[in-house]
Amino acid sequence: AGFFTDEPQYYRWGTPYTPAAEAEFEKDGEDIREGLIWLFVHDERGYRFREKYYKTLNKLYVENFYKKIYDWCGAHNCKLTGHSVEEVALYTQMWGGAAVMPSYEYEDIPGMDCLGRFCCTELPVKQVANAAEQLGKKRVLTETFGCSGYDVTPKELKSVAEMQYFGGVNVMCQHLYPYSVAGRGRIDHPPVFGPHGNWNEGFKAFNDYFARLSYIVANTEEKAKIGVIHPMRDIWLDYVRSEDYESVKRTEEDFNEFLRVLRKNGVEYQLIDERILERHGKAEGKNLRVGNCVYDTVIVPKMRNISGTTYEILKQYGGKMCVLQTPVFLDGVREKLSFESNVT
């Protein structure tokens, strides 16, 4: 037994704010109101404030929503699953909580969403599956097939699901099984799974196939030896809600192209979130450990900003490292950082 949380978010329709953040800044003797203007402009002078602001909001979001429910579920013998809003891209994560990977620590079954009949990008799949592997969570859920339409075929749905299972998902939550299709129920992001569906009688074979695949994927481990630092903190420097994607287009495109090159060349890798690295990571000689996962190669993609904790861990790490672009900001402050590639 347990609970499913669907698309929680701090505020997707504008620049988020909460008075709770004021207290976090006051701990460091700062007045949050003096820096709010930087959330609406592109200016390096505001990078330090932006980094701290979105780090604070992400912390408050994760610890005051996910962690509280997760702890309650643990105390009452039930489980928490579900997914945040719009995990599909870097910029859309700014709509919900400034990063999705940290929330997976506080779900018994970390989850994602995949809308439509076309395969989503690999980013949301890798984010949830890699965090689950690092944090020792066996089950990984996808809420999938919503918005595919009444005319979608099982063959199309099979392709959508297999792409996600290939990335590490192993629990399927089909959207949706309605109590009724009366009124607005007819247009609630079909298809529907149940007696109202077009192919309900023959759908058992589909479900049996994915039940077996779920068992196989859930009982295997991904032994990727390459860890890629997730560039979410780069987005914090320049994201402006009124401009949305355009404000961070270059970072978004660079990272998507990088992932495409890895995929095209058959490179097995896992994404490393900097908050998860801070809480569960350490250098072990020529290896980098993040929870249950150990990497002998670390890739720093094109990113300008990196956290001080990540920087210190990488300085202690003695293994192979490929730096595609040396960051020039440390926690949003311009610094001359001294790590570079030792492999090509």
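The values are calculated or read from the model by the stated rules, or taken from the named source; none is laboratory data. As the structure is a computational prediction, the values presented were derived from the model and not from experiment. Cβ sites come from the backbone with ideal geometry, for glycine too, and all protein chains shown count toward neighbours.
Quick notes on this one:
- Here M101 fulfils each of the conditions (1) over 21 Å from E253 (Cβ atoms); (2) surrounded by 20 or more Cβ atoms within 10 Å (Cβ to Cβ) apart from (1).
- Qualifying residue in region 275-289 (condition: surrounded by 13 or more Cβ atoms within 10 Å (Cβ to Cβ) and part of a loop (DSSP other than H, G, I, E, B)): no
- Any chance P190 is in a loop (DSSP other than H, G, I, E, B) and either at pLDDT below 95 or of a type outside the set (A, V, I, L, M) (or both): yes
- Hits in region 253-272 - residues which are assigned to a helix (DSSP H, G or I) and either touching a strand residue (DSSP E or B) at 6+ places or on another chain (Cβ under 7 Å) or surrounded by fewer than 21 Cβ atoms within 10 Å (Cβ to Cβ) (or both): E253, D254, N256, E257, F258, L259, R260, V261, L262, R263, K264
- Hey, Y66 part of a helix (DSSP H, G or I) and in contact (Cβ under 8 Å) with a residue 40 or more places away in the chain or not: yes
- Long-range neighbours under 8 Å by Cβ, at least six apart or interchain, first residue closer than 19 Å to Y53 by Cα within region 227-247, second assigned to a strand (DSSP E or B): H230/L271; H230/I272; R233/N305; R233/I306; D234/N305; W236/N305; L237/N305; L237/F329
- Test: residue in region 241-249 that is part of a helix (DSSP H, G or I), in contact with a Cys (Cβ under 7 Å, 6 or more places away or on another chain) and hydroxyl-bearing (S, T, Y): no
- Being surrounded by 14 or more Cβ atoms within 10 Å (Cβ to Cβ), without any contact (Cβ under 8 Å) to a residue 40 or more places away in the chain, among the small types (G, A, S) and not in a loop (DSSP other than H, G, I, E, B) is a description that does not apply to A211.
- Taking (1) farther than 30 Å from A224 by Cα; (2) in contact with a Pro (Cβ under 6 Å, 6 or more places away or on another chain); (3) β-branched (V, I, T) in turn, V128 satisfies each apart from (1).
- Screening T92 against (1) in a helix (DSSP H, G or I); (2) of a type in the set (S, T, N, Q); (3) crowded, with 21+ Cβ neighbours inside 10 Å; (4) in contact with a Phe, Trp or Tyr (Cβ under 9 Å, 6 or more places away or on another chain) leaves a single unmet condition, (3).
- When region 104-129 is filtered for residues that are under 24 Å from R250 (Cβ atoms) and either in a loop (DSSP other than H, G, I, E, B) or in contact (Cβ under 8 Å) with a residue 40 or more places away in the chain (or both), the ones remaining, listed by number, are C120, T121, E122, L123, V125, K126, Q127.
- Considering (1) touching a Lys or Arg at 6+ places or on another chain (Cβ under 9 Å); (2) within 30 Å of F40 (Cβ to Cβ), the lone condition that V290 does not fulfil carries the number (2).
- Screening E201, E162, E222 for residues that are part of a helix (DSSP H, G or I) and surrounded by 11 or more Cβ atoms within 10 Å (Cβ to Cβ) leaves exactly one candidate, E162.
- Per-region count, region 168-180, residues modelled with pLDDT under 95 and either over 16 Å from N200 (Cβ atoms) or surrounded by fewer than 20 Cβ atoms within 10 Å (Cβ to Cβ) (or both): 5
- Selection within region 294-310: residues that are in contact with a strand residue (DSSP E or B) (Cβ under 6 Å, 6 or more places away or on another chain) and over 15 Å from F258 (Cβ atoms). The member of this set that is surrounded by the most Cβ atoms within 10 Å (Cβ to Cβ) is N305.
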